[in-house]
1. Taking the Cα centre as origin and putting +1 on Lys and Arg beta-carbons and -1 on Asp and Glu beta-carbons, what dipole magnitude results for region 22-254, to the nearest 20 debye?
2. Measure nothing but the geometry: give the 0 to 90° angle between the long axis through the Cα atoms of 252-265 and the longest principal axis through the Cα atoms of the chain, rounded to 10°.
3. What is the set of long-range amide H partners of residue 414 at a cut-off below 5 Å, with H atoms built 1.01 Å from backbone N?
4. Mind pulling the angle between the C-alpha long axis of helix 372-387 and the longest principal axis of the chain? Nearest 10 degrees, somewhere in 0 to 90.
5. Would you pull out the residues with amide H under 5 Å of residue 353's amide H, same chain only if 5 or more places away, H placed 1.01 Å from N?
6. With axes computed from alpha carbons, what is the tilt in degrees of helix 70-92 against the longest principal axis of the chain, rounded to the nearest 10 within 0 to 90?
7. Taking amide H positions as placed 1.01 Å from N in the peptide plane, with prolines and chain starts having none, which residues 5 or more places from residue 22, or on another chain, fall under 5 Å of its amide H?
8. Of 28, 209, 64, whose Cα points farthest to the positive end of the dipole of region 22-254 (charges on the beta-carbon: +1 Lys, Arg; -1 Asp, Glu; origin at the Cα centre)?
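None of the figures in this text is laboratory data; all of them are computed from the coordinates on show. Here the structure is a predicted model, which is why all the values come from computation and not from measurement. With ideal geometry, Cβ positions are generated from the backbone for all residues, glycine too; neighbour counts draw on all protein chains shown.
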Amino acid sequence: MKSSKDTAVIMSKIVSSPDYGKVFNDNIHGHILLHPLCVKFIDTPEFQRMRNIKQLGTTYLVYPCASVNRFEHSIGVCYLAGQMIEALCRNSGNDINVTTEEKLCVELAGLCHDLGHGPLSHSWERYLKASGVDWKHEESSTEMLKYIIQKYDLEKELKKYGLNMEYHVELICEFIRGEGKLLVENHFLYQVVSNKDNGIDVDKWDYFLRDGNSLNLSISFDYKRLMQFSRVVLDPHSNQPKQVIAFRNKEARNIYDMFRVRSDLHLRAYQHTAVQNTELMWIDVLLKAEKYFTIQISSGAKFALNEAHTNIEAMSRLTDHILCDIQYSNDPKLEEAKSLLNRLQTRHLYKFIGSYNLIFINKEIYNKSIDVENLKESLKNELQKQFGIEFGVTATWLNCGYPLINPLEKVLFFKKPLYNNTSVVFDDTQFQNVYPMNELEFFKRDINVFSKSLKLEDSQLKEIDLACNSFLKNFRP
């Protein structure tokens, strides 16, 4: 096993090499240096397409400057992944052994974790769900990664830096998913990019900072302190020896602030009712266009919008440009979609009826793990049956990674070592009780109702509002 000094020497040699990668001037992290293999992936059309995929979906239609793209976020996550590995190696001493190949795999996972996103990012996932398709972008990300390697013959580049297709590429895919079986000893590496254990990872750190900057919202937590006071420990709650990331006990407040920032971003931006309104309309545009708008690949095969995810080449040709393609199409079959898109662009949005907080209306179902999609669909169908007009129903549904659980319960904390004692002493303080999370702020459960008809009298609005309250009050899963 290499000592921490040996590991530091290896890493310092890589960083100081004059031909090491490329420097990027990032507006969040400053001048950052990326490995040459990472640059090889960046300089492909499939990666560059992320310049034209907005990270915050339709949020830019409400917040004019919320036009961050997946491209710069991916570069930021790649950088932070490398920084986190170096911090863990410094802080954990002889307790861990991370090879340069493993570190590179984590960086590549950070770089490529969003390759599979469709137009307007998560809005595309919600469109596919509305079209009856269950799909997650992570699987397309791993598929796109392999597609790039094969298309541009990058296997020889991987070999140049000690990586092979059979093991290391699959390891990168596991890091993207945040779970896997290839690594047993260094389980903590799965927590760096996508932490399934407690939600503390560099992906969130970058998008909190990047999104907050574009939204002009202050970000109070300090990720650099979290890095400085992190280390790898053996999980005392695991039946099998498992190395995981832990933090100094004095950082509990900092971690609480991180989740508070997450909640704030969701409430004030990501799940703002006006943002949900614009996304609802955008999804309806795609639903009206999906039968007639196709993506053609090099073989000549064509795929409908709700089929593109089944072919990685078709997926690689999809970006936010489809909005312009629909808007300027001369196909008469797209007239209905074009008309609704024009309504969205001229701010003739759906009529907002109201938000209904389940904590006050029906605490019984708030406390249960319910199928929110079924709830939304049931309410929409009931309203359309009663009033004979079309409705849209969305949900402001906040979790901190776990339904109604304070994530501090899932974090391991350790105490400051005494004198020359190098052994780890855990702090068993119940920090979830020290920093409780208010239901209305951290676990909000609102059902939002919109009428797709603009011509509604005040008396009709009042009737619809009463019907929504009555339905939600009496709803049982």
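1. 520 debye
2. The answer is roughly 30 degrees.
3. It is 247, 248, 249, 427, by chain and number.
4. With both axes taken from Cα atoms, the answer is about 10 degrees.
5. 449, 450, 451
6. Value to nearest ten degrees: 30.
7. 34
8. Of the options given, the answer is 64.
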